[in-house]
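Laboratory data are not the source of any read-out in this text; all were calculated from the coordinates shown. Bear in mind the structure is a predicted one, so any value in this text is a computation, not a measurement. All Cβ positions, even for glycine, are placed from backbone atoms using ideal geometry, and neighbour counts span all protein chains on display.
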Amino acid sequence: MLVSLDERDRIVAIEGDPENPATGGRVCLKGLAYAQRQSDPARLLAPLRRRRDGRGFEPVGWDEALEEIARRLVRLRDESGPLAALYYEGSGSHGALGGLAEAFWRQFGGCTRTHGDLCWPAGLEATRLTYGANLHNHPRLTVESRLVVVWGHNPAETNVHQWRLILDAQSRGARLVVIDPRRTDSTDAADLHVQPKPGTDAALALGIARIVVDEGLEDAAMLRAHAHGFAQYRARLADYPVQRVAEITGVGASTVRELALEYGRVKPALLIAGFGLQRHHHAGQAMRAVALLPALTGNVGVPGGGWQYANLASHCLRPLPLPPEPPARRSVPVSRLAASLETLDAPPIRAAWIERANPGSQNPAAPRLRRALEALDLVVVVDQFMTPTAELAHFVLPAKTLFEEEDLVTAYWHPYLQWRARIVEPPGTVRPETEIWRALSQRLGLDTSWFPGDREAFLRGLLPEPSEARLDELKKRPMDLSGLGDVAFADRRFPTPSGKIEFASDQAAERWGVDRIPGYVALGEGSESPLRSRFPLQLLSCKTRERIHSQFGSLAWVRGVERPHALDIHPDDAGPRGVQDGARVAVWNERGRIELRARLTPGIRPGVVHVLEGRCHEGDPDVNALVAEGVTDMNHGATFYECLVEVAPV
Ligand SMILES: Nc1nc2c(c(=O)[nH]1)N[C@H]1C(S)=C(S)[C@@H](COP(=O)(O)OP(=O)(O)OC[C@H]3O[C@@H](n4cnc5c(=O)[nH]c(N)nc54)[C@H](O)[C@@H]3O)O[C@H]1N2
Ligand SMILES: Nc1nc2c(c(=O)[nH]1)N[C@H]1C(S)=C(S)[C@@H](COP(=O)(O)OP(=O)(O)OC[C@H]3O[C@@H](n4cnc5c(=O)[nH]c(N)nc54)[C@H](O)[C@@H]3O)O[C@H]1N2
Ligand SMILES: [Mo]
C-alpha cells in the first residue's frame with residue numbers, strides 16, 4: 001500500500017501500490033479504512049487495569065502493569081507450574097516477529113498453547129495428502145483458463161485481487177462456475193451457480209468424477225504415470241451414480257451432468273476451492289474428493305489449470321531463533337478452547353495471555369469461552385481496541401498497528417514475501433509486542449537478547465539463502481523468493497509418500513483414521529441428520545466484504561457502506577414460520593439463542609440460513625453462541641458451518 005502522511009505524521013490516505021505485482025495497484029475497502037482505523041478515537045493508547053471493584057478499567061503505567069503481571073505469573077508458576085498459563089494468539093495482523101512470544105514462554109518454563117487453527121487446516125492437510133505440498137500456479141496464470149470453477153469460496157468479497165483475475169479470465173471467454181449454497185457477490189457474476197446442500201461436496205465431487213470416467217474423459221496417460229491408488233478410487237465411484245448424488249446434494253442430475261461434462265472437456269480448467277468448504281467434521285475428506293478432480297482431468301501442472309486452495313510459496317523464511325524448548329508442554333485444540341478451560345486438570349488453566357485475537361467473539365461456543373475466561377485469576381489481552389475479549393481482562397495492553405513496527409509478511413495466495421515498513425511511531429505509550437515481551441522478560445530476570453534490538457538486522461537474518469542481501473530490494477517491492485516457478489508441479493514431481501498424486505492415501509488413514517479413499521459421510525448436524533426434526537435449518541456464518549472478522553466494525557466508513565445486519569432466509573422457509581421480511585426473529589439450538597432481523601431472499605438455498613460472522617458491536621448478536629466446538633476429521637480445524645438451528649418470529 002502507498003500511505004500518505006500529513007505534516008504531523010498522521011496517516012491521511014491509503015492507495016494501492018502499482019509496484020505490487022499481487023494487487024496491480026488496487027486496494028480493498030479494509031485497506032482504505034486502515035487510514036481511519038489508525039486514528040480512531042476508540043484506539044487504546046495506554047495500558048488499562050480492571051478496577052478493584054470489578055467495574056470497568058482504570059489507566060495504569062506500563063511499569064506498574066508489567067510489575068504486577070510478572071508478580072502474578074511467577075506466583076502462579078510457583079503454585080501450579082508453568083502449564084497453568086495459556087498463551088493464545090489469533091489472526092490479527094502479524095508477520096515474522098509475532099512468533100517471538102515463544103522466546104518468553106520457553107524461558108518461563110513452558111505454557112499451555114493451542115494447536116490447529118480456526119481457519120484452514122483441514123484443507124491444507126487434504127491438499128498435502130493429495131499433492132504433497134500446498135502450492136498452486138501463480139495467480140497471473142488465472143487469465144489463461146478456459147473454465148474457472150470456484151467452489152465454497154467467495155473471492156468477490158474475501159479476495160478481491162483474485163477476483164479481478166477471475167473476471168479477466170471470464171472477459172477473455174472463460175466460463176465461470178460458482179458452487180455455493182448462498183447467493184454472493186461471486187455467484188452474481190457466475191455463468192452457472194450450483195447450490196448444493198452444505199456439507200455434501202464430497203458426493204458432488206465423486207459424482208462428477210464418476211461421469212468423467214464413464215464418459216472416458218479422464219486423462220489416462222497422466223493417471224498411469226502420476227496417480228497412486230487410482231484403481232481403488234475408480235472402483236469406489238460405483239457408489240456415486242448421478243441419481244444418488246442428486247439426492248444427497250440437492251443439485252439436479254442434469255446440472256451435475258452438465259458440470260461434469262464441461263469440467264471433463266474444457267481445458268485448461270482451473271478449480272479454486274475456498275475455506276468455506278472445510279468448516280465441518282468431514283471437511284478433510286471432502287476437500288480430498290474435490291482436490292482430486294484436477295488430477296483426474298489432467299489439469300495439474302499446466303498454465304491456466306490446476307488446484308488453488310492455499311499457496312505457501314512465500315513461507316520461505318528461516319525459523320526464528322528461539323531458546324530451547326522446555327520439557328513441560330501442553331496444547332489443546334483451538335476449536336475446543338471453552339471445553340479445555342472448563343475441564344483441564346493437572347494443572348487447571350489459571351491465567352491467559354491473548355494477543356492479536358478476539359476469541360470472545362470469534363471462537364465456537366463464544367459465550368461459554370467468555371465465562372471460562374472470566375473465571376481465571378489473570379487475563380491479559382494485547383489489542384488495539386476494546387473487544388468482547390478485552391472486556392474480560394485484568395490488564396489490557398495497547399497494541400501497535402501494522403504501520404508501527406517493521407516486519408516480514410508472508411501470504412497465502414500469491415507467492416510474494418513483503419517488507420512491512422514502519423511508517424509512523426506508535427502513538428501514546430503504545431509499544432510493539434516484541435517490546436512488551438522484552439520488558440516482561442526483564443522483570444522475570446530472563447535473557448532478553450532473544451528480542452531484537454535492531455529489528456531490521458534481525459529480519460534480514462530471517463531471509464532465506466541466497467537472498468540475505470536482498471532486503472533493500474524487498475523494501476522497494478514484494479518479491480517471490482521461492483524459486484518455484486509459475487506453474488506448480490510442472491515437473492510432475494509430487495512430494496507425497498508414493499511420489500505421485502494420491503487418490504488413495506495411507507497417511508490419511510494412519511494419521512487421521514479416515515478412509516484411504518475419500519468419500520461422502522453425512523454430517524452429524526447436516527441435511528440428513530435426525531436432529532433436523534427439531535432444528536431443521538443449516539446455519540452458515542460467513543465473511544463480509546466490509547470487515548475482517550470482528551475488525552473495522554466500529555468505523556463510520558464501514559458502517560456507512562455495509563448492509564444492515566440480518567438473518568438471510570429463503571421465503572419457502574420464512575412463510576411456514578410466519579417470518580416477515582424485516583421482522584425480528586429468534587435463531588436457536590441446544591447451545592444458544594440470538595435475535596436479529598430477518599431478510600427474506602430467494603438467493604439462499606431453502607433449508608439454509610445465514611448470519612455474518614464477526615459482529616460484536618453495539619448489541620450485535622453473537623452467532624458463535626450457536627456454534628459447537630467441533631473438530632475437523634483432519635488437522636484440528638473448526639466446524640463453524642455444521643450448525644443446525646430453528647427460527648421463529650419474536
Ligand atoms: N461463526 C464464525 N466464526 C468464525 C469464522 C466463521 O466463518 N464463522 N471464521 C473463523 C476464521 S476463518 C478466522 S481466521 C477467525 C479469526 O479470529 P480472530 O483472529 O480472533 O479474529 P479478529 O476478529 O480478526 O481478531 C483479531 C484481533 O487482533 C487485533 N489486532 C490486529 N492487529 C493487531 C496487532 O498488530 N497486534 C495486536 N496485539 N492485536 C492486533 C484486532 O484489533 C482484533 O481484535 O475467526 C473464525 N471465526
Ligand atoms: N473481506 C474479508 N475478506 C476476508 C476475510 C474477512 O474477514 N473479510 N477473512 C479472510 C479469512 S481469515 C479467510 S479464512 C477467508 C475465507 O474466505 P472464503 O474462502 O471465501 O471462505 P468463507 O467465507 O468461509 O466461505 C466461502 C463460501 O463458502 C460457502 N459455503 C459454506 N459451506 C459450504 C459447503 O458446505 N459447500 C459449499 N460448496 N460452499 C459452502 C459459503 O456460503 C461462502 O459464501 O477470507 C479472507 N478474506
Ligand atoms: Mo480464516
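For each of Val379, Val334, count neighbouring Cβ atoms within 10 Å of the residue's Cβ, then give the residues from fewest to most.
Arranged by neighbour count, lowest to highest, Val379, Val334 become Val379, Val334.
When the chain is fully extended, how far beyond the present Cα-Cα distance does Glu215 get from Ala231, taking 0.36 nm per residue of separation?
Working it through step by step, the gained length comes to 4.1 nm.
Would you calculate the separation in nanometres between label points at Arg559 and Glu64, each defined as 7 Å from the Cα along the Cα-to-beta-carbon direction?
In this crude spin-label approximation the distance works out to 3.2 nm.
Name the long-range amide H neighbours of Leu540: under 5 Å, sequence gap of 5 or more, or other chain; modelled H, no Pro or chain starts.
Correct list: Val609, His610, Val611.
How large is the translational diffusion coefficient of the chain in µm² per second when you combine the Kirkwood radius over alpha carbon pairs with Stokes-Einstein at 25 °C and 0.890 mPa s?
Working: Rh = 26.0 Å.
So the translational diffusion coefficient is about 95 µm²/s.
What angle do you read, to the nearest 10 degrees and between 0 and 90, between the alpha-carbon axis of helix 62-80 and the longest principal axis of the chain?
Helix 62-80 sits at roughly 70 degrees to that axis.
On a C-alpha basis, how far is the centre of region 130-201 from the centre of region 602-633 in Å? Whole number, if you could?
Here the answer is 23 Å between Cα centres.
Between 0 and 90 degrees, rounded to the nearest ten: what's the tilt of helix 121-131 against the longest Cα principal axis of the chain?
50 degrees
Among the aspartates and glutamates, which have Cα under 13 Å from the Cα of Lys476 when same-chain residues fewer than 8 positions away are ignored?
Asp17, Glu19
Expressed in nm to one decimal, what extension gain is obtained for the pair Gln442 and Glu528 from 0.36 nm per residue of sequence separation less their Cα-Cα distance? Don't skip to the answer; put the middle values down first.
On the way: separation 86, 0.36 × 86 = 30.96 nm, distance 5.71 nm.
25.3 nm is the gain from fully extending Gln442 to Glu528.
Would you mind ranking Phe451, Phe403 so that the residue whose beta carbon has the fewest other beta carbons within 10 Å leads the list? Present the calculation step by step, with values, prior to reporting the outcome.
Numbers: Phe451 24, Phe403 21.
In increasing order of surrounding Cβ atoms, one gets Phe403, Phe451.
By how many degrees, between 0 and 90 and to the nearest 10, does the Cα long axis of helix 201-214 differ from the longest principal axis of the chain?
Compared with the principal axis, the helix lies near 30 degrees.
Restricting to the chain, compute how many DSSP beta bridges are antiparallel as a %, nearest 5. Write out the running numbers ahead of the final one.
Details: 27 of 70 bridges.
Here the share of antiparallel DSSP bridges comes out near 40 percent.
Just to confirm the filter: which trypsin sites (Lys or Arg not before Pro) across region 1-44 are DSSP coil and have at most 16 other Cβ within 10 angstrom of their Cβ? Provide the component values of the computation, followed by the final result.
Details: sites: Arg8, Arg10, Arg26, Lys30, Arg37, Arg43; in loops: Arg8, Arg10, Arg26, Arg43.
In loop regions of region 1-44 (DSSP not H, G, I, E or B), the sparsely surrounded trypsin sites (Lys or Arg not before Pro) are Arg8, Arg10, Arg26.
Straight-line reach from Lys197: which lysines have Cα under 20 Å away, leaving out those fewer than 8 places along the same chain?
Within reach: Lys543.
I need the peptides 614-621, 155-162 ranked by packing, meaning the mean over residues of other C-beta atoms within 10 angstrom, with the highest value on top. Present the calculation step by step, with values, prior to reporting the outcome.
Numbers: 614-621: 17.2, 155-162: 20.1.
The peptides rank, most packed first, as 155-162, 614-621.
Work out from phi, with θ = phi - 60° and the Karplus expression 6.51 cos²θ - 1.76 cosθ + 1.60, the ³J(HN,Hα) of each residue of region 508-520, listed in order in whole Hz, and give x for Gly and Pro.
Taking θ as phi minus 60°, the curve returns 4, 6, 5, 6, 10, x, 9, 4, 4, 9, x, x, 8 Hz for region 508-520.
Under the 0.36 nm per residue contour assumption, what length would be gained going from the current alpha-carbon distance of Ala586 and His115 to full extension?
Values: separation 471, 0.36 × 471 = 169.56 nm, distance 3.39 nm.
Contour length minus Cα-Cα distance gives 166.2 nm.
About the Cα centre, and with charges only on the beta carbon of Lys, Arg (+1) and Asp, Glu (-1), how big is the dipole of the chain? Nearest 20 debye, please. Please list the in-between numbers first.
Working: 77 positive and 82 negative charges, 112 e Å.
Value, rounded to 20: 540 debye.
What value, in deg cm²/dmol to 500, does the helix sum -39500 (n - 2.57) over DSSP H runs of n ≥ 4 give at 222 nm once divided by the residues of the chain?
Values: 22 runs with 194 residues, N = 650.
-8500 deg cm²/dmol, from helical runs alone.
Which order, highest average first, do 69-78, 201-210 follow once you tally other Cβ atoms within 10 Å for each residue and take the mean per peptide? The partial results should precede the final answer.
Values: 69-78: 16.9, 201-210: 26.8.
Going from most to least packed, we get 201-210, 69-78.
Among DSSP beta bridges lying fully in region 530-649, give the percent that are antiparallel, nearest 5.
70 percent
Using each residue's phi in region 315-321, evaluate 6.51 cos²θ - 1.76 cosθ + 1.60 at θ = phi - 60° and report the 3J(HN,Hα) Karplus result to the nearest Hz, with x for Gly and Pro.
Going residue by residue, I get 7, 10, 6, 5, x, 4, x Hz, with x marking Gly and Pro.
Could you tell me the distance between the Cα centroids of region 324-342 and region 242-274, to the nearest Å?
First find each Cα centre; the distance between them is then 41 Å.
Any idea which of Phe385, Ser340, Leu539 is furthest toward the positive side of the dipole for the chain, if Lys and Arg beta-carbons carry +1 and Asp and Glu beta-carbons -1?
Result: Leu539.
Give the distance, in whole Å, between the Cα centre of region 415-439 and the Cα centre of region 496-567.
33 Å
List the residues, sorted by chain then number, that are 5 or more residues from Ser145 or on another chain and whose placed amide H is less than 5 Å from its amide H.
For Ser145, no residues qualify.
Give me Arg257, Arg493 ranked fewest to most by other Cβ atoms within 10 Å of their Cβ, as a rough exposure proxy.
Details: Arg257 17, Arg493 13.
Ranked by crowding around the Cβ, least crowded first: Arg493, Arg257.
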